[in-house]
1. Looking at (1) under 17 Å from Leu291 (Cα atoms); (2) without any contact (Cβ under 8 Å) to a residue 60 or more places away in the chain, which is the one condition that is false for Lys366?
2. What tally of residues in segment 345-363 results from selecting those that are open to solvent by 40 Å² or more (accessible area, probe 1.4 Å), part of a helix (DSSP H, G or I) and touching a residue at least 12 places away in the same chain (Cβ under 8 Å)?
3. Of Gln231, Gln240, which residue is surrounded by fewer than 17 Cβ atoms within 10 Å (Cβ to Cβ), among the polar types (S, T, N, Q), at pLDDT below 90 and part of a helix (DSSP H, G or I)?
4. Go through the residues of segment 476-489 one by one and say whether even a single one is among the small types (Gly, Ala, Ser), closer than 20 Å to Leu364 by Cβ and touching a strand residue (DSSP E or B) at 6+ places or on another chain (Cβ under 9 Å).
5. Which condition number in (1) modelled with pLDDT of 90 or more; (2) over 40 Å from the mean Cα position of the chain (by Cα) is the one that Gln149 fails?
6. Mind listing whichever residues of segment 244-262 are open to solvent by 80 Å² or more (accessible area, probe 1.4 Å) and touching a residue at least 60 places away in the same chain (Cβ under 8 Å)?
7. In segment 494-511, which residue that is surrounded by fewer than 16 Cβ atoms within 10 Å (Cβ to Cβ) and of a type outside the set (Gly, Ala, Ser) is nearest to Asp608 (Cα to Cα)?
8. Is one or more of the residues making up segment 207-216 surrounded by fewer than 19 Cβ atoms within 10 Å (Cβ to Cβ) and closer than 13 Å to Arg153 by Cβ?
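The values are calculated or read from the model by the stated rules, or taken from the named source; none is laboratory data. Everything numeric in this text was worked out from a predicted model, so none of it was measured. A quick note on method: Cβ atoms are made from the backbone with ideal geometry, for glycine too, and the neighbour counts reach across all protein chains shown. Accessible surface is based on the protein model in full, side chains and every heavy atom, while ligands, DNA and RNA are left aside. Shrake-Rupley method; radii C 1.70, N 1.55, O 1.52, S 1.80 Å.
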Amino acid sequence: MQKVGRLCLFCLHKLWLLAAISLVLLAALVSILRYSLPYADHYKSQIEQLLSNQYGTEVRIGELSASWQARGPALLLHDLEFASESQQLGFSVARARVHLHFWHSLRSLQLRSSHVELSGVELRLVAESLVGATENGSRQEPLTDALEQLFFRQLQQFTIQDSRVLLELAHSDPLVLSVRQLSWRNQGQRHQGQGAIAVEGVTGNSLSFVLDLYGERLDATFGQLYLQSEQLDIQPWLSQFLPELVELDYANVNLQAWGRVEQGAIQRIQVDLADNTLGWQLEQQEHWLKLSQGQLLWHPADSGWSLFSSELQLSNSEQSYPGILLQLHRIDEQLLGQLQGLELAALQPLSALIAQQRTELQLLTKLQPAGQLTELAWALQPNDWQLQAKLDQLHSQPYADIPGVQRLNGHLVAATNFAELRLASQDSALDWQGAFSQPMQFRQLQAELQLRYLDDVWQLRMPKFQLQGNDVQAEAQLVLNFSEQAELFLLATADGVAVANAMHFYPRHYMPVSIIDYLSWSLLGGEVRNAATLWHGPLGQFPFPQNEGVFQSTGQVTQGRMRFQPDWPELTEVEALLWFENSQMQISSSKARLQGLAVSELVKVRIDDLFQADTLWIDIATTADATEVQNLMQQSPLAGCGLITIG
């Protein structure tokens with residue numbers, strides 16, 4: 001029994017001695033470690049090799065320093081980089097502070113950290129890897145496994161600041177996410193991060209997010225992503241898309257979004273829109289355009305993604321326009337879209353702002369188009385695009401020589417160098433605002449316009465124009481070349497115009513007022529048949545004094561009534577040809593009656609220059625009964641002058 005006691009005492013003594021030696025050695029080891037920490041950079045290659053072996057990929061450290069803190073050593077690494085076999089995948093850290101858990105690392109014989117602080121991180125990856133496995137298998141990359149091992153399993157918590165994520169897109173430039181701040185915690189199979197991000201070149205400030213995942217492996221996780229923005233500034237993106245929008249005072253986005261994550265990939269994102277507003281000043285008045293009250297649903301699809309909306313509400317500073325629907329589909333390099341129910345009037349104030357910098361849009365703002373874009377569909381490719389649209393109840397204001405329209409329906413097809421617009425309307429009017437004396441009422445209108453880019457010049461064609469009016473039946477065709485000096489080729493025909501209403505069809509911007517007044521007074525009755533107008537020449541040179549072009553207009557008058565002077569009798573039962581050429585006018589009558597005198601031979605009335613109409617020439621050559629001629633003279637200004645001799 002005494003031997004057993006002595007043996008136990010001996011063993012206990014040895015155990016205490018071993019513990020004391022261990023503590024001394026451990027203390028010596030800690031002291032050696034503490035005093036050697038300032039020289040950590042000398043062991044950089046060994047640490048690089050240790051990390052490379054642990055994570056299965058090459059690790060490079062630009063600079064290394066260390067110090068001892070309360071729970072153990074802290075490492076400060078500069079220019080840390082994990083090598084990748086793919087050019088589309090990369091990971092580097094400008095500055096990393098690692099707080100090592102000394103005792104845990106000692107027990108596991110692996111580096112264990114209590115906290116890691118990273119800044120200047122740059123992660124480059126393929127965007128499609130976030131919504132499904134990529135074809136090149138980047139998820140099987142050693143770097144991918146290394147990052148998952150480090151940030152998803154080994155580190156319990158870490159923070160990231162002032163960093164970037166570069167998402168490589170298949171058919172465009174990389175999308176750069178700026179990570180302002182991220183805090184991440186791993187607790188068993190739960191992994192949660194929250195922070196703030198911004199999209200470089202798109203947003204001026206950041207939106208907050210929370211990512212909550214469950215699972216042992218990253219490619220098998222499931223969970224939810226939550227995004228929220230309050231007054232998110234998207235002016236940088238709008239200024240890139242339309243530089244003219246730099247004049248905006250603000251462009252704010254407010255939304256909440258929920259994303260579903262399955263198998264380590266985002267499978268769906270639902271967005272609830274709040275008030276998303278553009279605001280600006282124009283002519284000392286405040287304007288705004290707001291999109292609100294709607295939801296968006298995004299999900300990945302084969303070779304791309306799809307986006308659908310519920311009914312969206314668009315409003316401006318004047319009124320609201322509900323019922324807008326949007327669809328977007330990305331298929332490989334092609335972007336397909338469809339928009340329904342857009343009221344054009346909602347965009348008028350914004351288009352006026354853009355037109356201040358884009359002169360080609362100033363005409364559009366003058367016309368003030370209104371109506372509904374019932375359907376707009378487009379297809380965009382890298383070097384090509386197509387578009388088609390349906391317009392309903394289109395209204396516009398008259399401007400210059402362009403008439404205002406009402407209740408016009410249309411169909412538009414357009415591509416890179418081509419556009420075609422077909423228009424139709426019933427029981428409406430063309431309002432010329434002074435170009436003609438009154439609006440042109442019609443029962444039916446059909447027109448077809450084509451815009452082409454030929455030989456470095458835009459060309460507008462109108463192969464079809466048909467108008468069935470209350471006072472006229474008209475057809476026209478034209479070609480307008482937008483060269484340095486615009487040229488017009490026009491052929492128009494009209495029929496069934498009452499002479500008494502002809503005054504309403506005189507182009508007041510091109511005919512002298514004195515001539516219009518005279519013709520309105522002179523032409524009293526009858527009907528114009530087979531009227532035709534030809535224009536061939538530059539628009540700015542009319543009436544072509546140097547024969548730069550040709551303008552001709554003709555018409556056949558039947559059963560007409562005309563007068564030349566207040567004190568001359570009227571011409572009745574006139575059968576005549578009206579003829580205009582450039583600045584000249586001529587009326588040639590083959591049959592008429594002048595105060596009972598039948599004029600069966602040619603009568604000519606002409607004005608040599610409508611723009612200097614000082615003289616009206618009348619030439620009558622006919623054979624008549626002397627008594628009838630004498631009676632006519634007695635009722636003319638020649639009566640009583642003593643010069644009338646008939647015999």
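1. The number of the failed condition is (1).
2. So the count comes out to 3.
3. Result: Gln240 is the single residue among Gln231, Gln240 that is surrounded by fewer than 17 Cβ atoms within 10 Å (Cβ to Cβ), among the polar types (S, T, N, Q), at pLDDT below 90 and part of a helix (DSSP H, G or I).
4. Checking segment 476-489: at least one residue is among the small types (Gly, Ala, Ser), closer than 20 Å to Leu364 by Cβ and touching a strand residue (DSSP E or B) at 6+ places or on another chain (Cβ under 9 Å).
5. It fails just one condition, (1).
6. Of everything in segment 244-262, just one residue is open to solvent by 80 Å² or more (accessible area, probe 1.4 Å) and touching a residue at least 60 places away in the same chain (Cβ under 8 Å), namely Glu247.
7. Tyr510
8. yes
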